[in-house]
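Working notes, structure below.
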Amino acid sequence: MKDFLKINPADNVMVAISDMAKGTVVNVDGENITLVTDAKAGHKIALKDIAEGENVIKYGFPIGHARHAVKKGAYLDHDDIKTNLAGQLDYSDIKLKGLKPCQPSGKQLTWMGYERKDGQVGIRNEVWVIPTVGCVNGVIKQIVERVKADLGSNIEGIDGIFDFPHNYGCSQLSEDHENTKKILRDMVHHPNAGGILVVGLGCENNQPKVFAEFCGDYDKDRVKFMVSQEVEGDEVEYGVKLLKELVTNAQKCKRTEQPASKLRIGLKCGGSDGFSGITANPLLGAFSDFLCETQGGTTILTEVPEMFGAETILMERCANEELLGQTISLINNFKEYFLSHGEPVGENPSPGNKAGGISTLEEKALGCTQKSGKSAVCGVMEYGERLKNNGLNLLSAPGNDLVAATALAAAGCQMVLFTTGRGTPFATFVPTMKISTNSGLAQRKPRWIDFNAGVLVEDKEMDEVLKEFTDLIIRTASGEYVNAEKSDIHEISIFKNGVTL
């Protein structure tokens, strides 16, 4: 294993693969470089003298400029580099690469899934209880606990019974109220559930009967509604009766062989570090290209604020001018969201990001967007919108882990692939697979991490690792649980922007 990596020939920094001591001599492009400071794994080391104000280049692109002069062989962190980002851009000079929407071209993989009446296919056969409003969170918890106590923890043909509390559905205005309705509607239509009980109160803004109409056509055998204020007597008892009926209906569903083109996979990262753009995110990019280009499947990239600084790479890959315009709006609308709240556009990296070797938002974005691979952008989606196009899609959502992962799942993704260099136990309402960027994390947190991409800087090549990773995804789609499921972690979080009444 090498001690360092120069990612792009144009870079004026290298990345330490392991901790490196002052005085260490390394040969880069035929030149011996002596470290003049210690350097931590995942962090950057200058390959030349960098003047104050000069751009720092990584991945072949500027990741900011030097706050002060930096000597060749010196370690750089967030105190040494300042972002170049500021405000909105018009992107009028963007030229499309001419990429075409993906066409299946390889050996078709298959998996075992649950086909629903609307043609969607789920990777789980769960039963969910969804509240229209936070006022009934306690009621849905009691309903689920009672049913589990009555039926036992292992119900034949059912992957689990879950309630999904949230704080919204009332005292919200305009866009926030619509966003809540959209996410809950999307859950009602999600194929990972074989049965769904929607529980309302009766006096909330998100009126159950109006919400049912908002959901449009749905399978009445798979989805049932209950309004607590309209139930005579014990609403929990009535809810238990309805939920047991849904469990019985869901037990009739069976797995059948499905083509990989039916897979819809969300791409997300969190707790990124200096290895994210070298190991785990490129692995997701390679998988995204494989699924979209050879299998006719679908992936979705979100976290719009973490595209800032690398957005032009995505824009150039749009399949047509209309998608380019939508992508420009996607970026500038989110920048306006930041600016309207008096927040700077470029101050994104978290303390964990910085500790892991990420100094600026541009550096984070150039690593983050590698999850999308190199294929054409075939769709651009607003928050709460459901998938329409196969291939790579972009989705409007913030960087917050649970908010973004919930948005991916709500859009129709049957699972979320989540890369991390720092580690996290969280999961949204679909299987959330954790991919570590480094082997140390995988060894420290085996109950969190499902796959270790850190081997890509050790002893394995991308082709070999991609095959192992794809096999795991197929097994997961066919019923194998990820660690978050084994730990019974299932949550949702809905994006909020405006006032609360």
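General observations
- For the criterion of being open to solvent by less than 10 Å² (accessible area, probe 1.4 Å) and without any contact (Cβ under 8 Å) to a residue 60 or more places away in the chain, Ala365 passes.
- Qualifying residue in the stretch 401-410 (condition: open to solvent by less than 10 Å² (accessible area, probe 1.4 Å), touching a helix residue (DSSP H, G or I) at 6+ places or on another chain (Cβ under 6 Å) and in a helix (DSSP H, G or I)): yes
- Between Asp159, Asp176, Asp186, the distinction of being closer than 25 Å to Thr432 by Cα, assigned to a helix (DSSP H, G or I) and open to solvent by less than 60 Å² (accessible area, probe 1.4 Å) belongs to Asp186 only.
- If you filter the stretch 105-122 down to residues that are open to solvent by 80 Å² or more (accessible area, probe 1.4 Å) and under 26 Å from the mean Cα position of the chain (by Cα), you find that the one that is farthest from Phe334 (Cα to Cα) is Gln108.
- A count restricted to the stretch 303-312 and to residues that are assigned to a helix (DSSP H, G or I) and either under 27 Å from Val465 (Cβ atoms) or open to solvent by 30 Å² or more (accessible area, probe 1.4 Å) (or both) stands at 3.
- Note on the stretch 77-104: among residues that are of a type in the set (A, V, I, L, M) and open to solvent by less than 30 Å² (accessible area, probe 1.4 Å), the one that is farthest from Arg185 (Cα to Cα) is Ile81.
Each row is one residue, and each column tells you yes or no for (1) among the aromatic types (Phe, Trp, Tyr); (2) over 20 Å from the mean Cα position of the chain (by Cα); (3) open to solvent by 40 Å² or more (accessible area, probe 1.4 Å).
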residue: Pro446; (1), (2), (3): no, yes, yes
residue: Met462; (1), (2), (3): no, yes, yes
residue: Leu472; (1), (2), (3): no, no, no
residue: Gly479; (1), (2), (3): no, yes, no
residue: Val482; (1), (2), (3): no, no, no
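- Residues in the stretch 1-36 that are of a type in the set (Val, Ile, Thr), touching a Lys or Arg at 6+ places or on another chain (Cβ under 9 Å) and either open to solvent by 50 Å² or more (accessible area, probe 1.4 Å) or closer than 20 Å to Ser272 by Cα (or both): 6 in all.
- Cys203, sole failed condition from (1) part of a helix (DSSP H, G or I); (2) open to solvent by 30 Å² or more (accessible area, probe 1.4 Å); (3) closer than 12 Å to Val136 by Cα; (4) not β-branched (Val, Ile, Thr): (1)
- Taking the conditions (1) among the aliphatic types (A, V, I, L, M); (2) within 18 Å of His190 (Cα to Cα); (3) open to solvent by less than 10 Å² (accessible area, probe 1.4 Å) in turn, Val136 satisfies each one other than (2).
- Pairs, first within 21 Å of Asn390 (Cβ to Cβ) in the stretch 297-309, second of a type in the set (D, E, K, R) and open to solvent by 10 Å² or more (accessible area, probe 1.4 Å), C-beta under 6 Å, six or more apart: Thr298/Arg264
- Of everything in the stretch 487-501 that is exposed (fewer than 13 other Cβ atoms within 10 Å of the Cβ) and assigned to a loop (DSSP other than H, G, I, E, B), the residue that is modelled with the highest pLDDT is Asp488.
- Among the residues of the stretch 219-251, the ones that are assigned to a loop (DSSP other than H, G, I, E, B), in contact (Cβ under 8 Å) with a residue 60 or more places away in the chain and either of a type outside the set (S, T, N, Q) or under 13 Å from Arg116 (Cβ atoms) (or both) come to 2 in all.
- Among the residues making up the stretch 288-307, those that are hydrophobic (A, V, I, L, M, F, W, C) and more than 25 Å from Gln103 (Cβ to Cβ) are Val304, Met307.
- Residues located in the stretch 48-62, provided they are outside any strand (DSSP E or B) and either charged (D, E, K, R) or without any contact (Cβ under 8 Å) to a residue 24 or more places away in the chain (or both): Lys48, Asp49, Ala51, Glu52, Gly53, Glu54
- Selection status of Leu89, at pLDDT 95 or above, under 27 Å from Ile331 (Cβ atoms) and in a loop (DSSP other than H, G, I, E, B): no
- Across the stretch 247-302, the qualifying residues are those that are open to solvent by 10 Å² or more (accessible area, probe 1.4 Å) and of a type in the set (Phe, Trp, Tyr), and the one among them that is modelled with the highest pLDDT is Phe290.
- Exactly one residue among Gly454, Gly423 is farther than 21 Å from Thr294 by Cβ, assigned to a loop (DSSP other than H, G, I, E, B), open to solvent by less than 30 Å² (accessible area, probe 1.4 Å) and touching a residue at least 24 places away in the same chain (Cβ under 8 Å), and that residue is Gly423.
- Selection status of Ala397, touching a Ser or Thr at 6+ places or on another chain (Cβ under 6 Å), surrounded by 24 or more Cβ atoms within 10 Å (Cβ to Cβ) and part of a loop (DSSP other than H, G, I, E, B): yes
- In the stretch 441-451, the residues that are in contact (Cβ under 8 Å) with a residue 12 or more places away in the chain and not in a loop (DSSP other than H, G, I, E, B): Leu441, Ala442, Arg444, Phe451
- Conditions (1) among the hydrophobic types (A, V, I, L, M, F, W, C); (2) within 16 Å of Ala250 (Cβ to Cβ); (3) open to solvent by 60 Å² or more (accessible area, probe 1.4 Å); number of the one not met by Ala149: (2)
The values are calculated or read from the model by the stated rules, or taken from the named source; none is laboratory data. This structure is a prediction, so every number in the text was calculated from the model and none was measured. No Cβ is skipped: glycine too gets one built from the backbone with ideal geometry, and neighbour counts run over all protein chains shown. Just the protein is used for accessible areas: all its heavy atoms, side chains included, with ligands, DNA and RNA removed. Shrake-Rupley method; radii C 1.70, N 1.55, O 1.52, S 1.80 Å.
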